[in-house]
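So the structure is just underneath, and the comments pick up after that.
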Amino acid sequence: MLKMTNKKLILILALGAVASIVLYMLYDLNPAIFFYQIPSRAKRVAAIVIVGVAIAVSTVIFQTIVKNRILTPSIMGLDSVYVFIQTSMIFFGGASSAILLNSKANYFVSMVLLVIFTLFVFKFLFKFTKNNVFLLLLIGIILGTLFGNLATFMQMMISPEDFLILQNNLFGSFSAVDESLLWITGIIVLVSILFVLKDFNSLDVMSLGRDHAMNLGVNYDRKVSQLLVIIAVLVSAATALVGPMMFLGLLVVNIAHEVFSTYRHVYLIIGSAMISIITLVFGQMIIQFMFDGGVELSIIINLVGGLYFIYLMLRRSKI
Amino acid sequence: MIKVRDIAKSYGEKKVVDDVSLSIEKGKITSMIGPNGAGKSTVISMITRLLDKDSGEVLIEGDNIFTQPNNELAKKISILKQSNHLELKITVRELVSFGRYPYSKGRLKDEDHRVIDEAIEYMELEELEDRYIDELSGGQRQRAYIAMTIVQDTEYIFLDEPLNNLDMKHSVQIMQILRRLVREKNKTIIIVIHDINFASCYSDNIVALKNGKIAISGTKHEVIKKSILEEIYEMEINIQCIFGHNICIYFDDQIGDVTENDAKEYAQTVQHEQLRA
């Protein structure tokens, strides 16, 4: 009976995701610029689906590994590092630097550096802190603050014109996404997910913890290393494509946990991917149709996600 | 039979397990006893490959444990560690089903469901099977975990302090189940246990560890002896035979001014009354 409800919920969420996409595509179409509007909206929808799925999948797996529902790669300092990378480019290269202006070069440099940072955090800090969640969170916040402050410091030194150019890259946004990068990210995300797909069942076993997983014949340590690489690639690709969306993963995965109340990754992963798409599409509609593009999407997501984060912390401390 | 040869483990300078060798007899309950920090859990974790050892080898039916595929090993050896705290929304039945993972890889067949039903019945968990694990009492949860190991259907079952945090009634219940598993299913069970009287009453063989070394290993009659136990635990321990079991009395003898004679007399009266009844 429980299974039926979960399957139904997935179906409802999938329908919701499709409905919200259709609504976004058709809302307030202007026949005069119809041929401009449709492709431009389709491109944003594609970016939303790719990023939404990448963030949702990576956050679910990450939280299974660290056994904690308030840690996400973004909260562990990844977003600040992205801001730091963008600022460094303009600080050292100037506003006219090739890397900054060429969106492909920017994408690849950002992505490679983010993967390196994430893998460093995962490989060394996990061993160093012996997987102590509080120590990890603390170090993550310190790293985030460090890179955030370094970036702020450099931002103070650059000219106001340069800063305005920089600012465009600092907020997560789906408005100006390069089409060829969309394809590349899409392929990266698809390949990573295919790797995870055959592992849904062993992810379930891993959520029991290392001892139980080893007992049941899962090569836990090797699996964790593989999965961490996949997480690093997914998060970095998504962030390099659209910019930081700090609280997105936290928000959608926790909602999925509350909706499904199961340990099974089939439901959790697909469910959070759907919730992620719905959240982003509605967020996009709000900024595009209500605020006429005056606000960046990441600001809305972070407002809602941040409030939810505080709520989670308060609820935790009560228990 | 499992043969352990010279396994060792150090953390920094400190040798936690110092060249331990032992063999585990099939179809018996073997208890591991010893003071805190003697290395009991570390030895068990190394034998069951949860923890990497620094040196030595573990042979199961003559084959090295570390050259075997993880999944095949999971059909031969199961290990249940102490303090199983899960923050998962998972029901008793779902937890027990995990025991079939080495066989089914998560896709349960009719045969798997049959084994799961059987284990749930065996551990008397029928009424709890749809409850969430975090709603259970300590004893019920321990039974659910043991049901999971039964479902795993391994020849060797390792349990690290299965009686931890259980009261007498539930402790006895768990030990009776273990004896039943040995008797009816011919399992080989190895437990780490703190209460030497449980070890004395319910096991066949006892391995005693002290400071990372084997102090003594043998049948329970060879190990439960005053001189041996006093040396291991560094305290006065008196042993009385009550109902055919060697019971260790290790409480401070100042309490209530009980002399050894009083104790002997009391034991005899109890025995007489029991016989009369």
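Of note, residue B:61 satisfies the criterion of being surrounded by fewer than 19 Cβ atoms within 10 Å (Cβ to Cβ), in the same structural domain as residue B:176 (by TED's automatic domain parsing) and among the acidic types (Asp, Glu). Considering only residues in the stretch B:47-57 that are surrounded by 16 or more Cβ atoms within 10 Å (Cβ to Cβ) and either in contact with an Asp or Glu (Cβ under 8 Å, 6 or more places away or on another chain) or farther than 20 Å from residue A:212 by Cβ (or both), the one that is farthest from the other protein chains (Cβ to nearest Cβ) turns out to be B:56. Name every residue in the stretch B:178-187 that is closer than 27 Å to residue B:39 by Cβ and open to solvent by 20 Å² or more (accessible area, probe 1.4 Å), in order of residue number. Result: B:179, single match.
Against the conditions (1) polar (S, T, N, Q); (2) in a loop (DSSP other than H, G, I, E, B); (3) more than 29 Å from residue A:114 (Cβ to Cβ), residue A:68 satisfies every one except (3).
Among the residues of the stretch A:179-214, those identified as within 8 Å of chain B (Cβ to nearest Cβ), in a helix (DSSP H, G or I) and either open to solvent by less than 20 Å² (accessible area, probe 1.4 Å) or not acidic (Asp, Glu) (or both) are A:200, A:201, A:202, A:204, A:205, A:210, A:212, A:214. Within the stretch A:270-302, the residues that satisfy the criterion of being open to solvent by less than 40 Å² (accessible area, probe 1.4 Å) and among the small types (Gly, Ala, Ser) are A:271, A:272, A:273, A:276, A:283, A:298. Quick check on this structure: which one of A:233, A:218 is crowded, with 20+ Cβ neighbours inside 10 Å, modelled with pLDDT of 85 or more, of a type in the set (A, V, I, L, M, F, W, C) and not in a helix (DSSP H, G or I)? Going through A:233, A:218 in turn, just one is crowded, with 20+ Cβ neighbours inside 10 Å, modelled with pLDDT of 85 or more, of a type in the set (A, V, I, L, M, F, W, C) and not in a helix (DSSP H, G or I): A:218. Determine, yes or no, whether residue B:130 is touching a strand residue (DSSP E or B) at 6+ places or on another chain (Cβ under 8 Å), within 14 Å of another protein chain (Cβ to nearest Cβ), at negative phi and open to solvent by 40 Å² or more (accessible area, probe 1.4 Å). Yes. Pairs are defined by a Cβ separation below 7 Å, a sequence spacing of at least 6 or placement on different chains, a first member in the stretch B:106-126 that is not assigned by TED's automatic domain parsing to the domain that holds residue B:170, and a second member that is acidic (Asp, Glu) and open to solvent by 70 Å² or more (accessible area, probe 1.4 Å); the pairs so defined are B:115/B:153; B:120/B:126.
Residues that are buried (at least 21 other Cβ atoms within 10 Å of the Cβ) and at the interface with chain A (Cβ under 7 Å from one of its Cβ atoms) within the stretch B:64-84 comprise B:73, B:74, B:78, B:79, B:81, listed in sequence order.
Residue count for the stretch B:4-35, restricted to those that are open to solvent by 10 Å² or more (accessible area, probe 1.4 Å) and closer than 25 Å to residue B:176 by Cα: 6.
The values are calculated or read from the model by the stated rules, or taken from the named source; none is laboratory data. Predicted, not measured: the structure shown is a model, and the values here were computed from it. Cβ coordinates were reconstructed from backbone atoms using ideal geometry, including for glycine residues, and neighbour counts include every protein chain displayed. Please note that ligands, DNA and RNA were not included when accessible areas were found on the heavy atoms of the full protein model with its side chains. Shrake-Rupley method; radii C 1.70, N 1.55, O 1.52, S 1.80 Å.
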